[in-house]
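The values are calculated or read from the model by the stated rules, or taken from the named source; none is laboratory data. Remember, it's a predicted structure, so these values are computed and weren't measured experimentally. Here the Cβ is made from the backbone with ideal geometry for all residues, glycine too, and neighbour counts use every protein chain on show. SASA here: full protein model, heavy atoms, side chains in, ligands and nucleic acids out. Shrake-Rupley method; radii C 1.70, N 1.55, O 1.52, S 1.80 Å.
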Amino acid sequence: MASATIRIVPQDEIARGTAEPPQVRLPDRGAFFRDRAARLRTLAARNPAGGGYLELMGELAAAQHAALEAEPQTWRDALRSIADRLAPRVPIPTAGLIRGLASASDSYLENQAARVLDFDYPSLDARVIPFIGAALQVHEVRRAASLRDMGARGSGASDVCPVCGSPPVASTLRIDVPVPGSRYLHCALCGTNWHLPRGQCTHCDARGKLAYFHIEGGSEVVKAEACDACRSYLKVVDQEKDPLADPVADDLATIALDVLMDESGYERAGPNLFFVPGQT
């Protein structure tokens with residue numbers, strides 16, 4: 001890997017207003033996976049080194065969109081729908097893996113899903129995690145998008161989703177809210193966004209302990225928000241710098257930043273179902 005440096009962004013560079021934004025934003029089922037697929041394809045074209053994987057994830061997001069439109073009754077139905085669409089579009093070994101999953105018994109799939117939801121990655125074949133995770137996402141996004149009257153409800157805890165109880169994959173500085181630049185955590189599973197004031201650690205709630213890192217000379221759309229109190233970090237995606245930025249897609253496109261944060265002694269605080277640490 002080419003050498004890189006990290007610049008710490010001062011807190012006063014990210015200060016914003018104090019008006020109260022909506023507490024919870026539910027996923028838009030019509031655009032959720034469609035927009036993510038488009039973003040992944042854009043990022044793949046910009047990233048020659050990791051473009052192949054990003055292209056595959058773009059195809060997977062498009063298959064998620066099609067599965068959601070098909071109104072699956074269970075996550076296993078979503079998995080089979082994803083397999084039907086994705087298998088003809090991917091290399092033969094990947095197609096075989098996906099078809100094998102789709103034809104597996106319900107008991108096997110439920111066992112695998114439970115481990116994915118527990119983020120028990122060491123006990124799983126890393127190759128299946130993105131596909132099981134994708135099907136679970138379809139099921140949970142469908143459920144979350146059907147809810148109502150969540151806008152004024154807080155999560156009760158900063159580090160778990162108010163809808164499904166899962167951790168965040170990243171946070172987003174959103175521009176489509178009454179106070180542009182407000183920070184929302186993005187659920188790794190159901191895609192719900194919940195508000196958390198800036199300057200507060202997403203993992204331990206400490207204030208005044210955050211520093212912001214990015215690769216010097218690279219894009220500042222994605223930074224790592226690191227807490228010196230708990231030594232954890234979570235990426236923050238700035239839609240003011242790129243309105244099309246997506247917390248899952250842009251996270252996958254900045255794995256080099258995860259490597260540098262690990263080398264700096266910080267532990268990632270939230271999972272991405274399409275990225276298994278230690279796997280290449």
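Selection within region 210-239: residues that are modelled with pLDDT of 95 or more and among the charged types (D, E, K, R). The member of this set that is surrounded by the fewest Cβ atoms within 10 Å (Cβ to Cβ) is 228.
Restricting to region 58-91, give me the number of residues that are at positive phi and in a helix (DSSP H, G or I). Within region 58-91, residues that are at positive phi and in a helix (DSSP H, G or I) number 0. For the residues 268, 207, the requirement of being at pLDDT 95 or above and either farther than 24 Å from residue 59 by Cα or surrounded by 14 or more Cβ atoms within 10 Å (Cβ to Cβ) (or both) singles out 268. Here the strands (runs of 3 or more DSSP E) wholly within region 171-250 that include at least 2 residues being under 30 Å from residue 113 (Cβ atoms) are 182-187, 193-195, 222-227, 232-238. Scanning region 40-79 for residues that are basic (Lys, Arg) and either surrounded by 17 or more Cβ atoms within 10 Å (Cβ to Cβ) or modelled with pLDDT of 95 or more (or both) returns 41, 76. Do the conditions hold for residue 171, that is, is it polar (S, T, N, Q), within 25 Å of residue 247 (Cα to Cα) and touching a Ser or Thr at 6+ places or on another chain (Cβ under 8 Å)? Judged against the criteria, residue 171 is a match. Just one of (1) of a type in the set (A, V, I, L, M, F, W, C); (2) touching a Pro at 6+ places or on another chain (Cβ under 9 Å); (3) at pLDDT 95 or above fails for residue 19. It is (3).
When residue 134 is tested against (1) outside any helix (DSSP H, G or I); (2) modelled with pLDDT of 95 or more, just one condition goes unmet, and that condition is (1). The combined condition, being out of contact with any Ser or Thr (no Cβ under 9 Å at 6 or more places or on another chain), of a type outside the set (S, T, N, Q), open to solvent by 50 Å² or more (accessible area, probe 1.4 Å) and in a helix (DSSP H, G or I), is not fulfilled by residue 125. Taking region 166-180 as the range and being open to solvent by 20 Å² or more (accessible area, probe 1.4 Å), β-branched (Val, Ile, Thr) and closer than 15 Å to residue 196 by Cβ as the test, only 179 passes. Number of residues in region 251-278 that are in a loop (DSSP other than H, G, I, E, B) and within 17 Å of the chain's Cα centre (by Cα): the value is 9. Being closer than 29 Å to residue 140 by Cα, among the hydrophobic types (A, V, I, L, M, F, W, C), surrounded by fewer than 17 Cβ atoms within 10 Å (Cβ to Cβ) and at pLDDT 95 or above is a condition met by no residue of region 185-193.
Residues are listed down the side, and each one gets a yes or a no for (1) in contact with a Pro (Cβ under 6 Å, 6 or more places away or on another chain); (2) closer than 25 Å to residue 37 by Cβ; (3) among the basic types (Lys, Arg):
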residue	(1), (2), (3)
209	no, no, yes
216	no, no, no
220	no, yes, no
228	no, no, no
235	no, yes, yes
240	no, yes, no
254	no, yes, no
257	no, yes, no
272	no, yes, no
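The set of residues in region 111-125 being without any contact (Cβ under 8 Å) to a residue 12 or more places away in the chain and touching a helix residue (DSSP H, G or I) at 6+ places or on another chain (Cβ under 9 Å) consists of 115, 120, 123, 125.
Residues that are over 26 Å from residue 118 (Cβ atoms), modelled with pLDDT of 95 or more and open to solvent by 20 Å² or more (accessible area, probe 1.4 Å): does region 150-165 have at least one? So far as region 150-165 goes, no, none of its residues is over 26 Å from residue 118 (Cβ atoms), modelled with pLDDT of 95 or more and open to solvent by 20 Å² or more (accessible area, probe 1.4 Å).
Look at (1) more than 16 Å from residue 40 (Cβ to Cβ); (2) open to solvent by less than 10 Å² (accessible area, probe 1.4 Å); (3) among the β-branched types (Val, Ile, Thr) and you find that residue 276 fails only one, number (2).
Among the residues of region 87-112, those identified as farther than 13 Å from residue 132 by Cα and surrounded by 14 or more Cβ atoms within 10 Å (Cβ to Cβ) are 87, 89, 90, 94, 95.
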